[in-house]
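Here the structure comes first, spelled out in structure tokens, and everything after it is commentary.
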Amino acid sequence: MSDAYERLLSSVASTAEFIEECIKEDNLLLLVCHNDADALSACGIMVGSLWRSDARFLARSVNRVDEFFQQLDEGSAEADCIIFLDLGSGYVKEIYNKVGEKKVVIIDHHQPQSFDIPKCYVHLNPHFEGLEGATHISASGLAYLVSKALSEDNYVYSPIAVVGALGDLQDKDSQRRLGSVNAKIVEEGVEKGLIQVTEDLILFGRSFRPIHAALASTSSPFLPGLTGREDVCYSLVTSLGIKVKDGDRWRVLADLTEEEKSKLYNGIISFLTSKGLPASNIAKELIGAVYELTEEDRWTYLRDAREFAWLLNACGKTGNAWVGIAIAAGVRGNLLEEAQKLLEDYRTQMAKNMELLTRPEAITSMEHTLVFNGGDLIDERQVSSLASLISSSGMIPQDKVLIAWARHGDRVKVSARANRSLVERGINLGGILSDVANAVGGRGGGHNVAAGADLPATALEQFLKEVDKRIGSQLGS
Ligand code: C5P
């Protein structure tokens, strides 16, 4: 990795120089980002860094790639330079066709489209240096490296880079721990005393939340029947003979002995097995590195980096992206209260969505794909998070790709997820969704493990059949 990392740092330095030049020329910068946790983290980091540099800028978040093309029509004219964050690599040609020879910076980790960019464009993407963008570094990690190249003082954003990477599930490879470039960013945060890493059960709030409440708020992995159900979690914990209080004080996960922890772990697995779930898939998701952000107040939803990512997703996926960007940039106070409320509502909503989407009648099984039909019941902005939740809940057989979709007007939003072993066997969802969506009049793209698309509703059946066929041919069957 070290050569690739050095090359990445050199591209980061050129990107930062380009932005610095724009700032010196008093350019108006327009930041355009997607609306998930990684994108909002990336945007927050850039907003905070540009603020500190006294730059003139605007920031916008979009739900869909097409939305950003529409917004470009509306807002790009007055901007001197457009900085795309967590989107753009797969659509360089379309961007060029829209904005032409204006200054453009793309900071993205999705599979890049091959296209010769003009001199006034800078395109930063880890794939160019041989680093896989789904696991080595996310958009927030890239934005962090750029911000640090602008000023060393921007190390304060290392926790936000970690939040973004966890939001994008980049901890899936080596026992739920961030690796590669992400791990270097974690190290920087640890050295500066901003991040504390502990190997433990991955329950949200291990050091500050009562055990049953930590279990109920855990959403990565999503624990069907437990996530969002504090009452059930309380019964489970007490039925295992684990004391929930020490005198007047609630005990937290960090207080438990090793023996109590293994009791709890086995109890969770038995509970899931009793619900007919393939608990062994979830079991390996339950233990790993816990990232605690030491500068965040205890009892807030920002203290645990995975929960922070959920809070940002809650903001982005309910039309409140600006709240998430401001929180990621460092704003707290009343805005944090608003964001925490959004997270509470979002958690409840997602638990309801999971119930709807995982009813047997909502699921269609194809040869290589399990399709979760959201129809009009699910908010299309939440399909992506639902797909990630379902894939982390162990419900998908190891040999199948998951596809979830929901309708919005005469279009459908599709999200696809593959497990690592399918990717090792040659599956590249980003490529498949891009090709097949294009062929049916839509747009798609992403990573090998996770990709999305938006297409005309009338083309859905044809799209699903073709995707299933393409998965089959990539698997050689
Ligand atoms: O939409 P969803 O989150 O399911 O997509 C998975 C990944 O694919 C995300 O990182 C998203 O940014 C990317 N994507 C893309 N082009 C699309 C849709 C999604 O690059 N048209």
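The values are calculated or read from the model by the stated rules, or taken from the named source; none is laboratory data. Only a predicted model underlies this, so the values are computations on that prediction, with no experimental measurement involved. Note that each Cβ is placed from the backbone with ideal geometry, even for glycine, and that neighbours are counted across all protein chains shown. Surface areas here come from the heavy atoms of the whole protein model, side chains and all, with no ligands, DNA or RNA. Shrake-Rupley method; radii C 1.70, N 1.55, O 1.52, S 1.80 Å.
Do any strands (runs of 3 or more DSSP E) lying entirely in segment 361-477 carry at least 1 residues that are hydrophobic (A, V, I, L, M, F, W, C) and either more than 21 Å from the chain's Cα centre (by Cα) or surrounded by 17 or more Cβ atoms within 10 Å (Cβ to Cβ) (or both), and which ones are they?
Ranges flagged: 363-365, 369-373, 401-408, 411-417, 450-456.
Of all residues in segment 83-123, count the ones that are within 16 Å of the ligand (Cβ to nearest atom) and among the hydrophobic types (A, V, I, L, M, F, W, C).
Residues in segment 83-123 being within 16 Å of the ligand (Cβ to nearest atom) and among the hydrophobic types (A, V, I, L, M, F, W, C): 8 in total.
I need the full set of residues from segment 152-174 which are assigned to a loop (DSSP other than H, G, I, E, B), surrounded by 23 or more Cβ atoms within 10 Å (Cβ to Cβ) and touching a Gly at 6+ places or on another chain (Cβ under 9 Å), in order please.
170, 171
Can you tell me how many residues in segment 318-360 are free of Cβ contacts under 8 Å to residues at least 60 places away in the same chain and assigned to a helix (DSSP H, G or I)?
Counting residues in segment 318-360 that are free of Cβ contacts under 8 Å to residues at least 60 places away in the same chain and assigned to a helix (DSSP H, G or I) gives 21.
Would you call residue 199 open to solvent by 10 Å² or more (accessible area, probe 1.4 Å) and out of contact with any helix residue (DSSP H, G or I) (no Cβ under 9 Å at 6 or more places or on another chain)?
Yes, satisfied.
Please identify the pairs in which a residue from segment 133-151 that is open to solvent by 20 Å² or more (accessible area, probe 1.4 Å) has its Cβ atom under 8 Å from the Cβ atom of a residue that is of a type in the set (Val, Ile, Thr), counting only partners at least 6 apart or on another chain.
Final answer for the pair search is 136/181; 149/12; 149/15; 150/19.
Counting only residues that are surrounded by fewer than 19 Cβ atoms within 10 Å (Cβ to Cβ) and among the hydrophobic types (A, V, I, L, M, F, W, C), give me the helices (runs of 4 or more DSSP H) lying completely in segment 228-304 with at least 2 of them.
279-283
Only one of (1) within 16 Å of the ligand (Cβ to nearest atom); (2) farther than 22 Å from residue 36 by Cβ; (3) not β-branched (Val, Ile, Thr) fails for residue 380. Which number is that?
(2) is the only condition that residue 380 fails.
For segment 203-210, state whether one or more residues are crowded, with 23+ Cβ neighbours inside 10 Å and of a type in the set (Phe, Trp, Tyr).
Yes, that holds for at least one residue.
Can you tell me which of 340, 349 is of a type outside the set (Phe, Trp, Tyr) and within 20 Å of residue 160 (Cα to Cα)?
340
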